[in-house]
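The values are calculated or read from the model by the stated rules, or taken from the named source; none is laboratory data. Quick caveat: nothing in here was measured; it's all calculated off a predicted structure. Cβ placement follows ideal geometry from the backbone for every residue including glycine, while neighbour counts extend to all protein chains displayed.
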Amino acid sequence: MVDLTKMNRDNLGKLFDYAILPKNSIERDVRNGCAEAKTYNCAAFYVSSPYWVPVVKEELAGTNIHVACGINFAWGSGTPAVKAFETAEAIRLGCTSVDMTMNVGAIRDGRWDIVKEELHSFHQAAQGNLTKAIIEACFLTDDEITRVTTLVAEEGIDYVKTSTGQFEGPSMKQFLVMRKAAEGSHLGLKVSGVKFPRPQNAYAFILAGADLIGTRAAPEIIDAIDDMRAIGLVPHFKS
């Protein structure tokens with residue numbers, strides 16, 4: 001669990017995967033986003049598909065910020081083979097972290113064979129780079145969240161992620177179901193789709209056990225740390 005008493009402006013950004021996802025983004029937007037990711041020392045900078053990866057790779061060269069993109073984002077209804085191909089292409093272009101949107105329909109239909117196949121092919125195609133599986137918790141029952149989180153852990157994927165952020169984000173209850181299902185495993189927990197007010201809710205998820213927050217509002221949330229400490233939501237820094 002993250003110890004927020006040890007987090008300050010120098011390291012707080014490593015709790016955030018910063019993303020630029022609008023469909024109408026242009027190259028200037030991506031480059032500006034990369035500059036912000038560097039300013040705030042984020043964990044990763046995400047684009048919604050491999051198309052922009054070469055630009056992100058160029059902008060982040062020489063940093064320790066992951067070059068990252070979504071796979072089959074945001075619908076996740078592609079076949080396992082399509083997802084594997086897209087993952088391999090993203091890695092070839094320079095990605096070091098990939099988030100695959102899972103097939104919600106297959107999960108809800110109990111097609112666990114399809115779920116296992118897409119997890120395995122995604123994991124293999126990532127070639128040892130950081131992997132995150134997006135379960136889109138807002139569409140799932142507690143039992144489905146538990147089952148799919150367990151399968152993500154069994155495949156050896158690095159993180160389970162609540163949402164794409166393009167639909168309804170997770171409730172705290174849904175996140176806690178996911179957290180419980182991941183207990184005792186290696187799985188990291190990533191929350192995306194944080195609802196307004198974003199700073200308060202983002203820090204609440206971190207206090208509840210999230211290892212990463214995926215968001216388009218990373219600067220806003222990081223800039224709010226002093227206010228969050230002033231109102232007692234976030235513990236004070238201890239050197």
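Any idea which residue in the stretch 218-230 is farthest from the chain's Cα centre (by Cα), counting only those that are over 18 Å from GLU36 (Cα atoms) and surrounded by 15 or more Cβ atoms within 10 Å (Cβ to Cβ)?
Going residue by residue through the stretch 218-230, those that are over 18 Å from GLU36 (Cα atoms) are 226-230.
Among the residues that remain, those that are also surrounded by 15 or more Cβ atoms within 10 Å (Cβ to Cβ) are: 228-229.
Values: MET228: 23, ARG229: 25 Å.
Step by step, filter the stretch 218-230, then rank; the result is ARG229.
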Any hit, the stretch 219-234, residues being outside any strand (DSSP E or B), touching a residue at least 24 places away in the same chain (Cβ under 8 Å) and touching a Gly at 6+ places or on another chain (Cβ under 7 Å):
yes
Here the residues within the stretch 164-182 that are without any contact (Cβ under 8 Å) to a residue 40 or more places away in the chain and in a loop (DSSP other than H, G, I, E, B) are GLU168, GLY169, PRO170, SER171
Of all the residues that make up the stretch 1-22, how many are more than 28 Å from LEU176 (Cα to Cα) and in contact (Cβ under 8 Å) with a residue 12 or more places away in the chain?
1
Looking across the stretch 183-217 at residues that are in a helix (DSSP H, G or I) and in contact with a strand residue (DSSP E or B) (Cβ under 6 Å, 6 or more places away or on another chain), the single one that is surrounded by the most Cβ atoms within 10 Å (Cβ to Cβ) is ALA202
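Hey, could you check the stretch 91-108 for residues that are closer than 19 Å to THR162 by Cα and charged (D, E, K, R) and say which is surrounded by the fewest Cβ atoms within 10 Å (Cβ to Cβ)? It would help to see each step written out before you state the result.
Let us first name the residues in the stretch 91-108 that are closer than 19 Å to THR162 by Cα, namely 97-108.
Applying the additional criterion that residues be charged (D, E, K, R) yields 99, 108.
Values: ASP99: 28, ARG108: 12.
Out of the qualifying residues, it is ARG108.
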Given (1) touching a Ser or Thr at 6+ places or on another chain (Cβ under 7 Å); (2) over 21 Å from ASP99 (Cβ atoms), ILE225 misses just (1)
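Being surrounded by fewer than 21 Cβ atoms within 10 Å (Cβ to Cβ), within 21 Å of TYR159 (Cβ to Cβ), hydroxyl-bearing (Ser, Thr, Tyr) and over 16 Å from the mean Cα position of the chain (by Cα): is that true of THR79 here?
No: the conditions fail for THR79.
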Among helices (runs of 4 or more DSSP H) lying entirely in the stretch 1-108, which contain 3 or more residues that are touching a strand residue (DSSP E or B) at 6+ places or on another chain (Cβ under 6 Å), at pLDDT 95 or above and farther than 23 Å from GLU136 by Cα?
27-39, 53-60
Within the stretch 41-76, tally of residues that are farther than 22 Å from ASN24 by Cα, over 14 Å from the mean Cα position of the chain (by Cα) and among the small types (Gly, Ala, Ser):
2
Condition broken by GLY165, with the remaining ones in (1) surrounded by fewer than 20 Cβ atoms within 10 Å (Cβ to Cβ); (2) modelled with pLDDT under 95; (3) under 27 Å from CYS69 (Cβ atoms) satisfied
(1)
